[in-house]
Amino acid sequence: MKYHVGVISGDGIGPEIIREAKKSLDAVASRYGHEFEYEEILMGGVSIDATGYPLTDEAIAAAKAADAVLMGSIGGDAKTSPWYQLPADRRPEAGLLGLRKALGLFANMRPAYLYPELKSACPLRDSVIGEGFDLVIMRELTGGLYFGKRETGEKDGQKYAVDTLEYSEGEIRRIAIKAFEVAMKRRKKVTSVDKANVLDSSRLWRSVVEEVAKDYPEVTLENMLVDNCAMQLVKDPAQFDVILTENMFGDILSDEASMCTGSLGMLSSASLNDTKSGVYEPSGGSAPDIAGKDIANPIATILSAAMMLRYSFDLEEEACAIENAVKKVLEDGYRTGDIMPTTGSTDGLHKVKCSEIGDLIAERI
Ligand code: NAD
């Protein structure tokens with residue numbers, strides 16, 4: 001099959017990590033007889049330099065036309081980059097917000113997987129880690145407290161501020177469907193996280209999720225209060241498969257879960273809409289401090305490409321081929337600087353550059 005992939009290399013380490021992800025996609029193409037046609041889309045600082053704007057109508061049209069979008073990262077050093085002298089709506093990050101809005105990306109999916117070889121980077125005790133964990137957080141991205149009506153004012157001589165947490169049935173249903181669809185491709189368990197003992201919006205959330213669950217009889221649904229979930233993530237992370245939750249709870253829980261894996265350079269993510277398309281990107285930023293040095297860890301971007309194959313193109317075997325190649329490279333002892341242990345023995349480990357680990361992964365596909 002032929003796939004049209006929109007590629008946003010972006011700024012900082014973006015072009016380096018994207019280059020390595022393309023190596024893995026090209027290896028998949030030649031092994032499985034596919035063709036990936038890449039179209040570079042300008043966004044972020046590079047777009048400001050070229051056009052004066054972080055995201056143009058032309059870039060939006062190209063992203064919409066692509067079968068899916070693979071992204072590196074955007075942004076620069078806020079203290080030194082001239083991009084941050086511009087008004088907020090002309091800065092690199094405005095490009096990303098604009099893209100999310102234009103594509104209607106309402107679901108953010110972030111896996112947290114602990115590789116046995118990187119156990120030492122996990123801040124949890126061995127007895128808690130056990131055999132490791134492999135979970136996905138499905139976070140609602142365009143509703144809730146961050147987008148509700150807000151107001152700051154003064155009443156009776158005191159300042160006050162109000163934020164509103166609002167969800168409609170439709171907003172809850174579409175993200176719940178995404179979570180159940182993802183669970184069907186995994187271990188078939190959804191934990192829906194809310195605060196239904198206090199919040200009306202959570203009670204609606206719970207009832208809509210329970211309705212959606214009826215269409216997925218193979219998937220086990222469990223409801224969990226957010227405070228309990230925050231505890232359970234550090235007590236027994238292996239119990240989770242897909243965690244489904246609203247915007248702010250998801251913001252907090254996904255950072256907590258990713259911290260449990262211990263390494264930012266390993267974490268992929270996807271932002272999805274109602275179509276099969278989506279934007280796939282590493283969870284980290286553009287790391288201007290290490291840009292251009294060929295030392296960034298490209299694995300999160302390579303794993304994001306694997307997610308794109310699985311969720312946008314339904315290429316399960318090909319996605320697994322990339323994920324297994326990453327596991328093999330780690331088993332073989334190859335590490336970029338960020339995932340080299342800083343204490344203890346490094347016997348049997350080889351420190352390699354961004355381009356080298358990209359080659360080693362592609363060779364193993
Ligand atoms: P960052 O994630 O870029 O960097 C934080 C630290 O992690 C740095 O020390 C960096 O060197 C390291 N790091 C990050 N990714 C790495 C990788 N793949 N390999 C090795 N080390 C890695 O966060 P920051 O410094 O707060 O932000 C830098 C810029 O990135 C800012 O302009 C910010 O707005 C932008 N940003 C963009 C995105 C995005 O494109 N989605 C996300 C977050 C931040």
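The values are calculated or read from the model by the stated rules, or taken from the named source; none is laboratory data. Nothing here was measured: the structure is a model prediction, and the numbers come from that model. Methodologically, a virtual Cβ is constructed for each residue, glycine included, from the backbone with ideal geometry; neighbour enumeration extends over all protein chains shown. Protein only, heavy atoms only, side chains kept; ligands, DNA and RNA dropped before computing areas. Shrake-Rupley method; radii C 1.70, N 1.55, O 1.52, S 1.80 Å.
Scanning segment 274-284 for residues that are more than 11 Å from residue 71 (Cα to Cα) and under 14 Å from the mean Cα position of the chain (by Cα) yields a single hit, 284. Candidates are the residues of segment 45-94 that are within 10 Å of the ligand (Cβ to nearest atom) and among the small types (Gly, Ala, Ser); the one that is most open to solvent (accessible area, probe 1.4 Å) is 78.
Would you say residue 38 is more than 16 Å from the ligand (Cβ to nearest atom), hydroxyl-bearing (Ser, Thr, Tyr), surrounded by 13 or more Cβ atoms within 10 Å (Cβ to Cβ) and within 22 Å of the chain's Cα centre (by Cα)? Spelling it out, residue 38 is indeed more than 16 Å from the ligand (Cβ to nearest atom), hydroxyl-bearing (Ser, Thr, Tyr), surrounded by 13 or more Cβ atoms within 10 Å (Cβ to Cβ) and within 22 Å of the chain's Cα centre (by Cα).
If the requirement is being open to solvent by 20 Å² or more (accessible area, probe 1.4 Å), in contact (Cβ under 8 Å) with a residue 40 or more places away in the chain and in a helix (DSSP H, G or I), which of these qualifies: 238, 305? It would help to see each step written out before you state the result.
Values: 305 fails: open to solvent by 20 Å² or more (accessible area, probe 1.4 Å).
Just a single option satisfies the conditions, and that option is 238.
Matching residues to (1) near the ligand (Cβ under 9 Å from one of its atoms); (2) open to solvent by less than 10 Å² (accessible area, probe 1.4 Å); (3) not small (Gly, Ala, Ser):
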residue: 252; (1), (2), (3): no, no, yes
residue: 264; (1), (2), (3): yes, no, yes
residue: 278; (1), (2), (3): no, yes, no
residue: 287; (1), (2), (3): yes, no, no
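Within segment 22-38, the set of residues being without any contact (Cβ under 8 Å) to a residue 60 or more places away in the chain and in contact with a His (Cβ under 7 Å, 6 or more places away or on another chain) comprises just one member, 37. Listed by position, the helices (runs of 4 or more DSSP H) enclosed by segment 43-132 that each have at least 3 residues that are among the charged types (D, E, K, R) are 57-65, 92-103. Residues of segment 132-144 include none that is out of contact with any Lys or Arg (no Cβ under 7 Å at 6 or more places or on another chain) and farther than 20 Å from residue 254 by Cα. Residues in segment 12-21 that are in contact (Cβ under 8 Å) with a residue 60 or more places away in the chain and touching a strand residue (DSSP E or B) at 6+ places or on another chain (Cβ under 7 Å) were compared, and the one that is most open to solvent (accessible area, probe 1.4 Å) is 12.
Is it true that some residue in segment 289-299 is assigned to a helix (DSSP H, G or I), more than 11 Å from the ligand (Cβ to nearest atom) and open to solvent by less than 20 Å² (accessible area, probe 1.4 Å)? Looking for residues that are assigned to a helix (DSSP H, G or I), more than 11 Å from the ligand (Cβ to nearest atom) and open to solvent by less than 20 Å² (accessible area, probe 1.4 Å), one finds none in segment 289-299, hence no.
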